[in-house]
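S.K.: Here it is, the structure in full.
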Amino acid sequence: MAKIAALLPLLLLAVGCGKTPAQKLTALAEEYVYGSLAFSPSTATAAGLHQHRDQQLDEMLDDFSAQSLSKQQTFYEKIRDRLADLKAGELTPEDRADLTILQDQIALSLLDFNEIHSPLHSPQLYVETLGNALFAPYVLEYAPKPDRIRHIIARLQKVPLYLDQAATNLVSAPGVWTQVAIEENQGNMNLVDKEIRAGLPPDQAETYARAARPALDAMTRFDKFLRNSLSSRNSHDWRLGGSIYPRKFRYALETGVEADNTLQQAERDLLAVRARMLQLALPLHREAFAAHKDHSDLDGAGRENTVIGEVLGKIADRHATRESFMDDARKALDEARAFVQEKHLLMLPPRANLQVIPTPEFMRGSYPVGGFNAAPALEPQLGAFYWVTPIPPSWPKERVDSKLREYNFYKLKLLTIHEAMPGHYVQMEIANDVQPKSRRILRSIFGNGPYIEGWGQYSTQVMLDEGFLNRAPELALTFAKEELRVLANAIIDIRLQMLGMTDQEALDLMQKQTFQEVEEATAKLQRAKLTAAQLPMYYVGWRAWIKARDEFKQAKGSAYSLADFNDRALKEGAVPVPALSSLLK
């Protein structure tokens, strides 16, 4: 028996060595996905993972203790080192795409652990993680409601320790991060004290109240900590700088194009789009402002600004009211779905699980207008949400008007196409059917950002190319303005983060060169300070989708079909965009 026991580790090692490269990759991908989700119970619940190694994840909160962070870092380092043993040349194109995702996601995590140190400087990290931990079991019907309320109660009981840990960890934060955390922390308090409490089964109200009181008290203490302590420790710079930002850009975007080259191309494209917009605007300008005579006394950028600006201002006059904004988004969704079906642009997913709901308060700092929250990758039959951020009743009239003019009749339709139909909702629903399961989960939860945001832009362009809204010239000009905004997103993110662009320079670019309203420009500037290397995803992803379609069309010749391309590309899930063309061959 002793000899057999001594030989057992060698036998197991031999079995492991007998795996093919593809099998090794699959095993590492599963270990990474489930291991990283277990480290973040809030993310696990949203992804549909409820148990892991006898742990009830739905009853836990994320652990930001030094011991846990060290354990996480070691986990990522070990997976990284084992992935390095795989040779890309021995893998299929599909497996190489997965390998790239794994390598870059781990590189992003280790960049944060070693150099960015978000747990030490990002108060909104704690607030948004907590909000998601409480909101997911409230809205996702993965279990009977009484069970989900018990999960929320279990998490509420852990809130005091969780927020004490946050206050201990945070050593300094940029003022804008602290302010956003204050606002979103209030959103968490409203979620606990109002929204969830209002929907409780009567027999759970008392138990919930006992857990909610200490949790709310802890949130109040955390609010005081943010206002009275952390706000004065504001020396930390939100700019990543010329060393860290290019690497985050590289790992997050996975496009093979560096930040400086992206900036140069975006600034060239901005000039070209403005020139095209002038040609789109002139006929509309002659109709609406005949007395202005096309401002032929001006030239160059001055004429573009005046003619385009006047037409966009006229278009912006047609908009929703504060009260109708949400309902108008729902109507736009129905209209877009009908057009996709009429034109057979792609095969719509069989599930009808999309809900249009207000953006959760604890996420409105990062989503000031709207967004999309996909159904859980492990439970795709559950709800998916198109978030629309309501206009607060406390806003003064000029601020309300600024937002409604920016998200006018035409822009609200474009937003709905991008976020929902046939944008991110359709995209993520199809991705939630990718096989095998390990690939589906990896690409759904950790997939490529430019693939995701690029599809939102590309699919909107397809809708207009195919005649949405009867090819209304007002819609075409509004979408050209959207293209300018995508370019501005990339420019301000790169210049703010690594080239010292000032707030005023960013606002001037958005308002004076890309025709954005004050409210939109101000919110976008804040977002750029909160989410480094996220805003360029729209631009580089859009370009990559067009490139992939052109290559597919050329390869197919007379057999090319737009719907065929869309269907096949979406069935890949969120792969790094440079890999898309090779996967469609």
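The values are calculated or read from the model by the stated rules, or taken from the named source; none is laboratory data. Owing to the predicted nature of the structure, the values given are computational and were not obtained by experimental measurement. We place every Cβ from the backbone using ideal geometry, glycine too, and count neighbours over all the protein chains shown.
S.K.: Let me spell it out: the conditions are (1) of a type in the set (A, V, I, L, M); (2) within 30 Å of Ala574 (Cα to Cα); (3) buried (at least 18 other Cβ atoms within 10 Å of the Cβ), and Ile152 meets all of them except one. Which number is the exception?
M.R.: For Ile152, the exception is condition (2).
Let's see how each residue does on (1) among the small types (Gly, Ala, Ser); (2) in contact with a strand residue (DSSP E or B) (Cβ under 8 Å, 6 or more places away or on another chain); (3) surrounded by fewer than 22 Cβ atoms within 10 Å (Cβ to Cβ); (4) farther than 17 Å from Glu267 by Cα:
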site	(1), (2), (3), (4)
Ser459	yes, no, no, yes
Asp465	no, no, yes, yes
Pro473	no, no, yes, yes
Gln497	no, no, no, no
Leu507	no, no, yes, no
Ala532	yes, no, no, yes
Leu535	no, no, no, no
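S.K.: A further question on this structure: When you go through Ala291, Ala332, Ala301, Ala338 one by one, which is the residue that is surrounded by fewer than 17 Cβ atoms within 10 Å (Cβ to Cβ), more than 18 Å from Val518 (Cα to Cα) and modelled with pLDDT of 95 or more?
M.R.: Numbers: Ala291 fails: modelled with pLDDT of 95 or more; Ala332 fails: surrounded by fewer than 17 Cβ atoms within 10 Å (Cβ to Cβ); Ala301 fails: modelled with pLDDT of 95 or more.
Selected residue: Ala338, the only one of Ala291, Ala332, Ala301, Ala338 that is surrounded by fewer than 17 Cβ atoms within 10 Å (Cβ to Cβ), more than 18 Å from Val518 (Cα to Cα) and modelled with pLDDT of 95 or more.
S.K.: State which residue is farthest from Gly175 (Cα to Cα) when the search covers only region 512-532 and only residues that are more than 16 Å from the chain's Cα centre (by Cα) and among the hydrophobic types (A, V, I, L, M, F, W, C).
M.R.: By that ranking, first place goes to Phe515.
S.K.: Can you list residue pairs whose Cβ atoms sit under 6 Å apart, with the first residue in region 36-52 being part of a loop (DSSP other than H, G, I, E, B) and the second being of a type outside the set (Lys, Arg)? Count only pairs 6 or more apart in sequence or on different chains.
M.R.: Close Cβ pairs satisfying both conditions: Ser40/Asp62; Gly48/Pro376; Gly48/Leu378; Gly48/Glu379; Leu49/Leu37; Leu49/Leu378; His50/Leu57; His50/Asp58.
S.K.: State which residue is modelled with the lowest pLDDT when the search covers only region 110-164 and only residues that are part of a helix (DSSP H, G or I) and hydroxyl-bearing (Ser, Thr, Tyr).
M.R.: Checked region 110-164; the qualifying residue modelled with the lowest pLDDT is Tyr138.
S.K.: Separate question: Considering (1) among the aromatic types (Phe, Trp, Tyr); (2) touching a Lys or Arg at 6+ places or on another chain (Cβ under 7 Å); (3) at pLDDT below 95, say which one Tyr407 fails and leave the rest.
M.R.: (2)
S.K.: Check Ile315 against each of (1) farther than 23 Å from Ala384 by Cβ; (2) aliphatic (A, V, I, L, M); (3) in contact with a helix residue (DSSP H, G or I) (Cβ under 6 Å, 6 or more places away or on another chain); (4) at pLDDT below 95 and name the one condition it does not meet.
M.R.: So Ile315 meets the others, but not (4).
S.K.: Identify all residues within region 314-344 that are closer than 21 Å to Leu464 by Cα and free of Cβ contacts under 8 Å to residues at least 60 places away in the same chain; write none if there are none.
M.R.: Result: Lys314, Arg330, Lys331, Asp334, Ala338, Gln341, Glu342.
S.K.: Restricting attention to region 362-379, report how many residues are of a type outside the set (Gly, Ala, Ser), at pLDDT 90 or above, buried (at least 21 other Cβ atoms within 10 Å of the Cβ) and under 18 Å from Ala420 (Cα atoms).
M.R.: Count: 2.
S.K.: Suppose we filter Ala281, Ala275 for residues that are farther than 29 Å from Trp177 by Cα and surrounded by fewer than 16 Cβ atoms within 10 Å (Cβ to Cβ); which single one remains? Give the derivation first.
M.R.: Values: Ala281 fails: surrounded by fewer than 16 Cβ atoms within 10 Å (Cβ to Cβ).
None of the other options fit; the residue is Ala275.
S.K.: Can you find a residue in region 545-557 that is aromatic (Phe, Trp, Tyr), more than 30 Å from Leu240 (Cα to Cα) and surrounded by 19 or more Cβ atoms within 10 Å (Cβ to Cβ)?
M.R.: yes
S.K.: Which pairs have Cβ atoms under 7 Å, sit 6 or more apart or on different chains, and link a residue in region 7-32 that is closer than 16 Å to Glu94 by Cβ to one that is modelled with pLDDT under 95 and of a type in the set (Gly, Ala, Ser)?
M.R.: Close Cβ pairs satisfying both conditions: Thr26/Ser438; Ala29/Ser438; Glu30/Ser438.
S.K.: Has region 534-541 got at least one residue that is of a type outside the set (Val, Ile, Thr), under 28 Å from Asp95 (Cβ atoms) and in a loop (DSSP other than H, G, I, E, B)?
M.R.: There is at least one residue in region 534-541 that is of a type outside the set (Val, Ile, Thr), under 28 Å from Asp95 (Cβ atoms) and in a loop (DSSP other than H, G, I, E, B).
S.K.: Follow-up question, since we're still on this one. How many of the residues in region 121-135 are in contact (Cβ under 8 Å) with a residue 60 or more places away in the chain and out of contact with any Lys or Arg (no Cβ under 9 Å at 6 or more places or on another chain)?
M.R.: 10
S.K.: Please give the helices (runs of 4 or more DSSP H) falling wholly within region 400-511 in which 3 or more residues are among the small types (Gly, Ala, Ser) and under 17 Å from the mean Cα position of the chain (by Cα).
M.R.: Counting at least 3 such residues, we get 449-465.
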